[in-house]
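Undergrad: Below is a structure I'd like to ask you about.
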Amino acid sequence: GIAAPNLPVGAAVPTKGVMAVTYIMLMVLAPAMVTAGLFLGAGVYHLMVLLFGGRHGFEGTFRVISYTNAISIFNLIPILGPIFVTVYSVALFIVGFKSAHKISTARAVLAAIIPILLLFIIGFFAAYSMTTQTTLQCIIK
């Protein structure tokens, strides 16, 4: 049979037509999804910047987020790429927020780091919750 590593055992393998349509839909929707992600990320960071004294518009925050995302190409480098991108993105956020919104370095650091820490905490608790549920389901069975 056909090997389908991402499907559960016994699941039906999608036809070539379904896979082709899915691929085409992803190609069409990817730019819109990236754009929506940029606006969402910029919105979260803009709230942080405003919270820490930034008084300039959303456009400045959006520019910082957009320019910083340009280094995401380095995520293609195995292991070190994502580490580099994460660290350098925070540095670029700090410099960008400080410049675009005329806030102090300390305030820019807080505005850059708090959303990342919140995502880390949410991810940690989500992973912990999933493992606990899986463990409980194994114990109950």
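The values are calculated or read from the model by the stated rules, or taken from the named source; none is laboratory data. All figures in this text were calculated on a predicted structure; none of them were measured in a lab. Virtual Cβ from ideal backbone geometry, glycine too; neighbours counted across all protein chains shown. We work out accessible area using only protein heavy atoms, side chains counted, and drop any ligands, DNA or RNA first. Shrake-Rupley method; radii C 1.70, N 1.55, O 1.52, S 1.80 Å.
Undergrad: Please enumerate the residues belonging to the range 108-141 that are of a type in the set (S, T, N, Q) and either modelled with pLDDT of 95 or more or open to solvent by 100 Å² or more (accessible area, probe 1.4 Å) (or both).
TA: Initially, the range 108-141 is screened for residues of a type in the set (S, T, N, Q), giving 129, 131-135, 137.
Scanning the range 108-141 gives Q133, Q137.
Undergrad: Out of all the residues in the range 5-18, which are aliphatic (A, V, I, L, M) and either in contact with a Pro (Cβ under 9 Å, 6 or more places away or on another chain) or open to solvent by 100 Å² or more (accessible area, probe 1.4 Å) (or both)?
TA: So the first thing to find is which residues in the range 5-18 are aliphatic (A, V, I, L, M), and the list is 7, 9, 11-13, 18.
The answer is L7, V9.
Undergrad: Of all residues in the range 19-35 being out of contact with any Pro (no Cβ under 8 Å at 6 or more places or on another chain) and hydroxyl-bearing (S, T, Y), which is least open to solvent (accessible area, probe 1.4 Å)? Steps first, answer last, please.
TA: Here is the first cut: in the range 19-35, the ones out of contact with any Pro (no Cβ under 8 Å at 6 or more places or on another chain) are 19-21, 23-35.
Checking the rest, the ones that are also hydroxyl-bearing (S, T, Y) come to 23, 35.
Numbers: Y23: 143, T35: 66 Å².
Result: T35.
Undergrad: Conditions: (1) open to solvent by 70 Å² or more (accessible area, probe 1.4 Å); (2) among the aromatic types (F, W, Y); (3) closer than 24 Å to I114 by Cβ. F62 meets all but one. Number of the miss?
TA: Single failed check for F62: (1).
Undergrad: Same structure, new question: In the range 65-95, which residues are free of Cβ contacts under 8 Å to residues at least 12 places away in the same chain and open to solvent by less than 30 Å² (accessible area, probe 1.4 Å)?
TA: G81
Undergrad: Can you say whether T61 is under 15 Å from G41 (Cα atoms) and part of a helix (DSSP H, G or I), as far as the supplied structure shows?
TA: Working: under 15 Å from G41 (Cα atoms): yes; part of a helix (DSSP H, G or I): yes.
For T61, the condition - under 15 Å from G41 (Cα atoms) and part of a helix (DSSP H, G or I) - is met.
Undergrad: Given the options L51, L38, name the one that is of a type in the set (A, V, I, L, M, F, W, C), surrounded by fewer than 14 Cβ atoms within 10 Å (Cβ to Cβ), touching a residue at least 24 places away in the same chain (Cβ under 8 Å) and under 19 Å from A111 (Cβ atoms). Let's see the steps before the verdict.
TA: Working: L38 fails: surrounded by fewer than 14 Cβ atoms within 10 Å (Cβ to Cβ).
One residue alone meets the criteria, L51.
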